[in-house]
Amino acid sequence: MFKANPQSIIDTFKQASPLGKLAEPDDIARVMYFLSSDESNPITGENIPVSAGFEVYSGQPVQK
């Protein structure tokens, strides 16, 4: 989703993420693999964001 954007936009989103990165396709694949395994048996009806913490972004500038 982000790769088509200029690097400056990508960097802005990375800085806004609590983990300082964007979720990569491999990150999403690992969650999907877990959810398709028997280890995820007790999990039902949940939303699991794979966003490197971006869903907690407040929109405020990063304090330095």
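The values are calculated or read from the model by the stated rules, or taken from the named source; none is laboratory data. Model, not experiment: these values are computed from the prediction. Backbone-built Cβ (ideal geometry, glycine too); neighbour counts: all protein chains shown. Ligands, DNA and RNA are stripped out before the accessible areas are found, and what is left, the full protein with its side chains, is counted by its heavy atoms. Shrake-Rupley method; radii C 1.70, N 1.55, O 1.52, S 1.80 Å.
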Can you say whether D38 is open to solvent by 100 Å² or more (accessible area, probe 1.4 Å) and modelled with pLDDT of 85 or more, as far as the supplied structure shows? yes
Please name all residue pairs, on different chains or six or more residues apart, with Cβ atoms under 7 Å, provided the first residue is in the range 39-51 and is free of Cβ contacts under 8 Å to residues at least 24 places away in the same chain and the second residue is open to solvent by 100 Å² or more (accessible area, probe 1.4 Å). P49/E55
Can you pull out every residue in the range 5-30 that is open to solvent by 80 Å² or more (accessible area, probe 1.4 Å) and assigned to a helix (DSSP H, G or I)? Q7, T12, Q15, P25, D26, R30
